[in-house]
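*Asks:* Pasting a structure here, questions to come.
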Amino acid sequence: MDQKQLREQENRCIQEQAPACAAICPAHVDVRGIAAEIAKGDVVAALKLYRKAVPFPGIISRICDQPCKAVCLRKDLGGSIEIAALERACLEFGSSSEETVKQLPRKSKTVAVIGGGISGLTVAHDLARKGWGVVIFEAGDRLGGGLWKSPPDLLPRDVLINDLKIIEELEIEVRLNMSVGGSGANGHGTFLGKLSQEFDAIFLGVGPHSSEIPDLQMNDNGQIAIDPLTFQTSNEKVFAGGDVLRVSTLYPNRELKHSAILSISDGRRAAVSIDRFLQKVSLTASRVNEGSYETKLYTNTSTTTSQAPLIETDLSTRYNIEVAETEAARCIQCECLECVKVCPYLDHYKGYPKKYIRETYNNLAIVMGTRHSNQFINTCALCGLCAEVCPTDVNMGEVCHEARVTMVDQKRMPPSAHDFALRDMAFSNGEKFALAHSAPGLDSASYVFFPGCQLSGSTPEYVEKSYAFLRENFDNNVGLMLRCCGAPADWAARKDLFAQSQNEFYAEYEKLGKPKVILSCSSCYQMFQKHYPDVEIVSFWDVMNEHGKFKKREFPAPITIHDPCSTRRESHIHDSIREIITKMGGEIQELPLSREKTECCSFGGVMWLANRPVAEKMVQQRINESPLDYVTYCAMCRDFFARKGKRTLHIFDYIFGEEKSDLAAAPAVGFSQRHENRARLKEKLLRDLWSETMPDSGAFESIRLVLPEDVQKQVEDRLILVEDMQKVIEYAERTGKRMLNNSTKHYLAYFKPNSVTYWVEYTKNDDGSFLIYKAYSHRMEVGIGAPK
Amino acid sequence: MSEYFDPAKYEGWVCADCNIPLQLSKVDVSYLGNSFPVDLLKCPNCGLVLIPEELALGKMAEVEKALEDK
Amino acid sequence: MRPGGLTITEQALAHCDLQSGMRVLDVGCGAGATLRHVIAVYGLMGFGVDVSAELIARARQTNSQVEWMRARSESLPFASESMDVILSECTLCIFEIDTALSECVRTLNYGGYFVVSDLYARNENGAEALRQLPRGTCIGTAMPKTQIVEKLERAGLQISVWQDCSEKLKEFSICTLTTAAQVDPFDLHIAAAKAKLGYYFLVARKNNHR
Ligand code: SF4
Ligand code: SF4
Ligand code: SF4
Ligand SMILES: [Zn+2]
């Protein structure tokens, strides 16, 4: 993915789109924001938001036709939010006498506004506040035009008069009883002609019958030609709004809809054009989402419960403050966040993909000041759930993976982020574990079983049993390949290490005669799908489901299934697992998020190593979703849940496990033990099936360690392996390089096999083993100076 | 005096090889191309340096993280 | 000692139209190494000020052509509009910056060059971490670029070149920049990393009209 594709993902996230109400409102009143402030009890802040969108708030809140109510997402969930009533409440409870209008310093140019109706008044207001001089020409004997026709009980006259005071406050000149149209001859003699000599711009906010205004070009329909985007007429100085605009644009529909809020919107848009015209900048640049439009925002209301307003409301209802707060709290606060709701990682950083991608993009371009750390990019589990729930398929996993590739390319990947997992992979692809054999007695294979490193690390006995099962079912023609699929390298964006692992695989695979590969681990399955397109693969679970003979088992209670996130797109595996459990007599209760919507256990993407606190949240969220025993079919999911105390079974526990023992409560297998298990598995299989022995082991492996329980926990937590400690002691004992505490007689020694320095405090037992008191590590190097 | 560990806690430690007490001296520590001198316990004879647990897991870990995120 | 040494001075001066005989003032000249170099290479008339009597005394011994004076940069002993070039190398953030800047601007001719190299915080949000360090380090006062630019512009200078040269900081131990010995070197490096401490030079000119 290049930066263009990153941008494309960013643009797809619709979280920042306006809610339906604000989008449809021609003046884009921030209904959601106003409701939020009122619900919080801050009517002053709410009023501020309202005033920003509407210059005559008293008037509008009493006569607005409320197009927002038609689209409000509350509409069928108790009734649309009563926004006008809330606006009136803001004015009533949030107004203060100190409010002052901000006005920019007076500029030299002056605009004539023809027509003192609401659109003209809006233009005058907006331009005056920007510092332009304004003169209003009104045909009648007072400002307000059609407003005076609204019934006084709806729009009390004192409210009208009060709202119009701002015209005076802004020092706008008003000339009453000045008529525009039809005054005699063409050309300079006309009123408009005269005005355009006297003024720098003119706004025409007159009634519908102004088509006789001379000097302006007509369109095909005989109406004044008006640009629908900028409201400019054929005379570049003259802009139009109000009814004359509507007659022109809605032709031949003569039915004029009078909407105060629409007139305000027209006025605002014309004022923007005029301001730009006077400043001599582009009239058309970036004018998106002006006027009424339909939003692209998606809001999930499936869990919103229906709730009606406290009291029945119309345009004359006055709320007391409690009623206003209750009404405001009914607002759903429409937004998307579908992905954030399901992903603890996205939630943790308090943003959403559009924002994250923007910041990641900045980070990669190394502009000044990274807002998000490298750690942010490394924390994603790459599980793809976000894309599954996103209405527009935004996949943060892809974004983060690509960002990691860039970080590695730019040599900015923190060394500690993935080191432990990569060394684990190196172990599995090293001589202690890696193995490739055709079935005993055969030279090549039609099938090869690839159990993966984690199942072998957690439960090596199941690898043996499943291999035996496969040989039985395929006439013994099944080889065995023990190694890592390369997932850690892929997640860490280490293309070099992945390629190396891949090449080693292909060499063995070809020697075996390119057999079909049977995969039991879902991460392996995903890696083979993605990176080994020419290798034919089969899911072990599909084979098991088809060929296995299942005994009925005791199921004291229903169980629930956790699908590993790497099976997200493999519904055939989901089906096989469920069928196997059903055949054994199990009753399944599905989790709310399962199959293609399943969650990650925090092993994915090496998240658990890059950011432990967030990884913990991730596991915790998953295991809290049901009190039932979980059944899964990934060794890592099983152990990650078990480590947090969740009763979890690997499906192999049902198939091959001891029926009597409570395997759901078995502890998770630690990191050192996983290495040990893999090595033993290889040794045993070599001996039992192929009568071969393991190559000689290193000197350090003969060092026997005694680890008290608390120390065992400590080293597991600090990611220190038995072999790391063995190396320290072997080195210290061989070279004498160690420290001695005279009072406790403990030794303290260190060794740096690679990039990490390990420290061990120990004593030697009489039987030659070593008792460990503590172990710790660091990456800083000691005694090596930088050039001065 | 250094704020990153308490040398008094390590008074009992000697270099086992040379059998002499460790002494506080300037030692360079470095990470990702950044290097700076700090006061650590060191064998005056063979140069063996003691990195205390609380330093490794405390300030050192913090510097590592800060430099990695730089 | 300062990051980049004379290389950065040279790079910065390459952006100035220097004529021999021009008057150059080094504020915070220390023992005078930079001035000795630039007057020799460009044939300029040199003036150096530093608060340290000891450093000024040492500078005097090495070169008598330059006018060495003990003074604070916040109060320069020169007439208004008397200098063509003012150099401030790794000193700006230890001065009382606003006063020092207005003094420098006063002393510069219209159109004169103000040449600065110094530490800065590349991560604006991390600059806060620097302020937590004990007083007495020039690192503790390093500012983000936006703030430096704003201060210079407000003082009446127009920046024509801003060049990041943070790689020069890599080969330079920031501990040597701290005069206060009691700063925990770990804390220092944690703060410096959080702020993405960097190094820059800039060339600015005094605006022709106020
Ligand atoms: S629920 Fe609130 S945010 Fe959503 S459309 Fe209605 S008023 Fe707007
Ligand atoms: S689901 Fe997430 S990424 Fe997709 S549109 Fe909503 S907030 Fe944006
Ligand atoms: S952890 Fe999974 S759901 Fe969350 S952002 Fe990453 S890929 Fe998406
Ligand atoms: Zn020694």
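*Asks:* If I filter the range A:555-596 down to residues being β-branched (Val, Ile, Thr) and assigned to a helix (DSSP H, G or I), which single residue comes out as farthest from ligand 3 (Cβ to nearest atom)?
*Replies:* A:Thr582
*Asks:* What single numbered condition from (1) within 13 Å of chain B (Cβ to nearest Cβ); (2) modelled with pLDDT of 95 or more fails to hold for A:Ala786?
*Replies:* (2)
*Asks:* For C:Asp118, are the conditions met, namely being away from chain A (no Cβ under 14 Å) and closer than 24 Å to C:Leu6 by Cβ?
*Replies:* Values: away from chain A (no Cβ under 14 Å): yes; closer than 24 Å to C:Leu6 by Cβ: yes.
Yes; evaluated as a whole, the condition is true for this residue.
*Asks:* Hey, another quick one. In the range A:88-106, is there at least one residue being over 28 Å from A:Leu127 (Cα atoms) and at pLDDT 90 or above? Write out each step before concluding.
*Replies:* Taking the range A:88-106 first, the residues over 28 Å from A:Leu127 (Cα atoms) are A:89, A:93.
Okay, now just the ones that are also at pLDDT 90 or above, so A:89, A:93.
Taking every residue of the range A:88-106 in turn, at least one turns out to be over 28 Å from A:Leu127 (Cα atoms) and at pLDDT 90 or above.
*Asks:* In addition: So, in the range A:477-523, exactly how many residues are among the aliphatic types (A, V, I, L, M), open to solvent by less than 10 Å² (accessible area, probe 1.4 Å) and outside any loop (DSSP other than H, G, I, E, B)?
*Replies:* The qualifying residues number 9.
*Asks:* OK, next. Which residue out of A:Thr284, A:Thr305, A:Thr299 is touching an Asp or Glu at 6+ places or on another chain (Cβ under 7 Å) and either in a loop (DSSP other than H, G, I, E, B) or closer than 30 Å to A:Glu82 by Cα (or both)? Step through it out loud before you land on a result.
*Replies:* On the way: A:Thr284 fails: touching an Asp or Glu at 6+ places or on another chain (Cβ under 7 Å); A:Thr305 fails: touching an Asp or Glu at 6+ places or on another chain (Cβ under 7 Å).
Step by step, each of A:Thr284, A:Thr305, A:Thr299 is checked, and only A:Thr299 is touching an Asp or Glu at 6+ places or on another chain (Cβ under 7 Å) and either in a loop (DSSP other than H, G, I, E, B) or closer than 30 Å to A:Glu82 by Cα (or both).
*Asks:* To continue, here is another question. Any residue in the range A:767-782 that's away from chain B (no Cβ under 14 Å): show its pairings with residues that are open to solvent by less than 10 Å² (accessible area, probe 1.4 Å) at Cβ separation under 8 Å, as long as the two are six or more apart or on different chains.
*Replies:* Filtered contacts from the range A:767-782: A:Phe770/A:Ile729; A:Phe770/A:Tyr762; A:Leu771/A:Tyr762.
*Asks:* So, one more: Out of A:Pro564, A:Pro533, A:Pro556, report the one residue that is assigned by TED's automatic domain parsing to the domain that holds A:Leu663 and open to solvent by 10 Å² or more (accessible area, probe 1.4 Å).
*Replies:* Working: A:Pro564 fails: open to solvent by 10 Å² or more (accessible area, probe 1.4 Å); A:Pro533 fails: assigned by TED's automatic domain parsing to the domain that holds A:Leu663.
Testing whether each residue is assigned by TED's automatic domain parsing to the domain that holds A:Leu663 and open to solvent by 10 Å² or more (accessible area, probe 1.4 Å) leaves just A:Pro556.
*Asks:* Can you pull out the helices (runs of 4 or more DSSP H) entirely within the range C:113-185 that have at least 2 residues that are modelled with pLDDT of 80 or more and under 30 Å from C:Asp84 (Cα atoms)?
*Replies:* Numbers: elements: C:127-131, C:145-154, C:167-170.
The qualifying helices (runs of 4 or more DSSP H) are C:145-154, C:167-170.
*Asks:* Return only the number of the condition from (1) assigned by TED's automatic domain parsing to the domain that holds A:Ala381; (2) open to solvent by 50 Å² or more (accessible area, probe 1.4 Å) that A:Leu310 does not satisfy.
*Replies:* (1)
*Asks:* For the list (1) in contact (Cβ under 8 Å) with a residue 40 or more places away in the chain; (2) under 12 Å from the mean Cα position of the chain (by Cα); (3) over 19 Å from C:Leu108 (Cα atoms), I need the number of the one condition that C:Leu25 fails.
*Replies:* Of the numbered conditions (1) in contact (Cβ under 8 Å) with a residue 40 or more places away in the chain; (2) under 12 Å from the mean Cα position of the chain (by Cα); (3) over 19 Å from C:Leu108 (Cα atoms), the odd one out for C:Leu25 is (3).
*Asks:* Among the residues of the range A:319-339, write down those that are touching a helix residue (DSSP H, G or I) at 6+ places or on another chain (Cβ under 7 Å) and either more than 13 Å from A:Thr299 (Cα to Cα) or more than 9 Å from ligand 2 (Cβ to nearest atom) (or both).
*Replies:* First, pick out the residues of the range A:319-339 that are touching a helix residue (DSSP H, G or I) at 6+ places or on another chain (Cβ under 7 Å): A:319, A:321, A:324-325, A:327-329, A:331, A:333-334, A:338-339.
Those that are touching a helix residue (DSSP H, G or I) at 6+ places or on another chain (Cβ under 7 Å) and either more than 13 Å from A:Thr299 (Cα to Cα) or more than 9 Å from ligand 2 (Cβ to nearest atom) (or both): A:Tyr319, A:Ile321, A:Ala324, A:Glu325, A:Glu327, A:Ala328, A:Ala329, A:Cys331, A:Gln333, A:Cys334.
A quick yes/no check of all residues on (1) open to solvent by 30 Å² or more (accessible area, probe 1.4 Å); (2) within 16 Å of ligand 2 (Cβ to nearest atom):
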site: A:Met396; (1), (2): no, yes
site: A:Thr406; (1), (2): yes, no
site: A:Met425; (1), (2): no, no
site: A:Leu435; (1), (2): no, no
site: A:Leu442; (1), (2): yes, no
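*Asks:* Please state which of the following conditions A:Val538 fails to meet, knowing it meets all the rest: (1) modelled with pLDDT of 95 or more; (2) open to solvent by 40 Å² or more (accessible area, probe 1.4 Å).
*Replies:* (2)
To keep it simple, each residue is scored yes or no on (1) more than 16 Å from ligand 1 (Cβ to nearest atom); (2) more than 10 Å from the chain's Cα centre (by Cα); (3) open to solvent by 40 Å² or more (accessible area, probe 1.4 Å).
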| position | (1), (2), (3) |
| --- | --- |
| A:Asp314 | yes, yes, yes |
| A:Arg318 | yes, yes, yes |
| A:Glu325 | no, yes, yes |
| A:Arg330 | no, yes, no |
| A:Gln333 | no, yes, yes |
| A:Glu338 | no, no, no |
| A:Gly351 | yes, no, no |
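*Asks:* Counting only residues that are open to solvent by 10 Å² or more (accessible area, probe 1.4 Å) and away from chain C (no Cβ under 14 Å), which one in the range A:353-363 is modelled with the highest pLDDT? Reasoning before the result, please.
*Replies:* Filtering the range A:353-363 down to residues open to solvent by 10 Å² or more (accessible area, probe 1.4 Å) leaves A:354-355, A:358-359, A:361-362.
Still in the running and away from chain C (no Cβ under 14 Å): A:354-355, A:358, A:361.
Working: A:Lys354: 94, A:Lys355: 91, A:Arg358: 85, A:Tyr361: 74.
If we take residues in the range A:353-363 being open to solvent by 10 Å² or more (accessible area, probe 1.4 Å) and away from chain C (no Cβ under 14 Å), then A:Lys354 is modelled with the highest pLDDT.
*Asks:* Sticking with this one: Name every residue in the range A:119-142 that is open to solvent by 20 Å² or more (accessible area, probe 1.4 Å) and within 16 Å of A:Arg175 (Cα to Cα), in order of residue number.
*Replies:* Correct list: A:Glu138, A:Ala139, A:Gly140, A:Asp141, A:Arg142.
*Asks:* Please work out which one of (1) within 14 Å of ligand 1 (Cβ to nearest atom); (2) within 26 Å of A:Val123 (Cα to Cα) is the condition A:Gly58 fails and give its number.
*Replies:* (1)
*Asks:* While we're looking at this one, here's another question. Mind telling me which of the residues B:Asp39, B:Asp69, B:Asp17 ends up being at pLDDT 90 or above and away from ligand 4 (no atom under 16 Å from the Cβ)?
*Replies:* Details: B:Asp69 fails: at pLDDT 90 or above; B:Asp17 fails: away from ligand 4 (no atom under 16 Å from the Cβ).
Going through B:Asp39, B:Asp69, B:Asp17 in turn, the sole match is B:Asp39.
*Asks:* Could you say which residue among A:Ser373, A:Ser292, A:Ser302 is within 14 Å of chain C (Cβ to nearest Cβ) and either over 30 Å from A:Ile274 (Cα atoms) or more than 11 Å from ligand 3 (Cβ to nearest atom) (or both)?
*Replies:* Values: A:Ser292 fails: within 14 Å of chain C (Cβ to nearest Cβ); A:Ser302 fails: within 14 Å of chain C (Cβ to nearest Cβ).
Exactly one residue qualifies, and that residue is A:Ser373.
*Asks:* Next up: Name every residue in the range A:639-685 that is under 35 Å from the mean Cα position of the chain (by Cα) and hydroxyl-bearing (Ser, Thr, Tyr), in order of residue number.
*Replies:* A:Thr648
*Asks:* Residues that are closer than 21 Å to C:Leu157 by Cβ and open to solvent by 10 Å² or more (accessible area, probe 1.4 Å): find the helices (runs of 4 or more DSSP H) completely inside the range C:1-108 holding 2 or more of those. Outline the logic, then answer.
*Replies:* Working: elements: C:5-13, C:33-42, C:53-62, C:97-107.
Result: C:97-107.
*Asks:* On to the next question. Restricted to the range A:570-594, and to residues that are away from ligand 2 (no atom under 16 Å from the Cβ) and in contact (Cβ under 8 Å) with a residue 40 or more places away in the chain, which residue is nearest to the other protein chains (Cβ to nearest Cβ)? Break it down into steps so the answer makes sense when it comes.
*Replies:* So in the range A:570-594, the residues away from ligand 2 (no atom under 16 Å from the Cβ) come out as A:570-592, A:594.
Still in the running and in contact (Cβ under 8 Å) with a residue 40 or more places away in the chain: A:570, A:573, A:577, A:580-581, A:584, A:586.
Numbers: A:Glu570: 36, A:Ile573: 37, A:Ile577: 40, A:Ile580: 45, A:Ile581: 44, A:Met584: 47, A:Gly586: 45 Å.
Restricting to residues being away from ligand 2 (no atom under 16 Å from the Cβ) and in contact (Cβ under 8 Å) with a residue 40 or more places away in the chain, the top hit is A:Glu570.
*Asks:* How many residues, within the range B:3-17, are more than 7 Å from chain A (Cβ to nearest Cβ) and open to solvent by less than 40 Å² (accessible area, probe 1.4 Å)? Reasoning before the result, please.
*Replies:* Within the range B:3-17, the subset more than 7 Å from chain A (Cβ to nearest Cβ) is B:3-11.
Then keep just the ones that are open to solvent by less than 40 Å² (accessible area, probe 1.4 Å); that gives B:4-5, B:7, B:10.
Residues that pass the stated criteria total 4.
The values are calculated or read from the model by the stated rules, or taken from the named source; none is laboratory data. In this text, all values refer to a predicted model and were calculated from it rather than measured experimentally. A quick note on method: Cβ atoms are made from the backbone with ideal geometry, for glycine too, and the neighbour counts reach across all protein chains shown. Just so you know, the surface numbers come from the protein's heavy atoms only, side chains and all, with ligands and any DNA or RNA stripped out. Shrake-Rupley method; radii C 1.70, N 1.55, O 1.52, S 1.80 Å.
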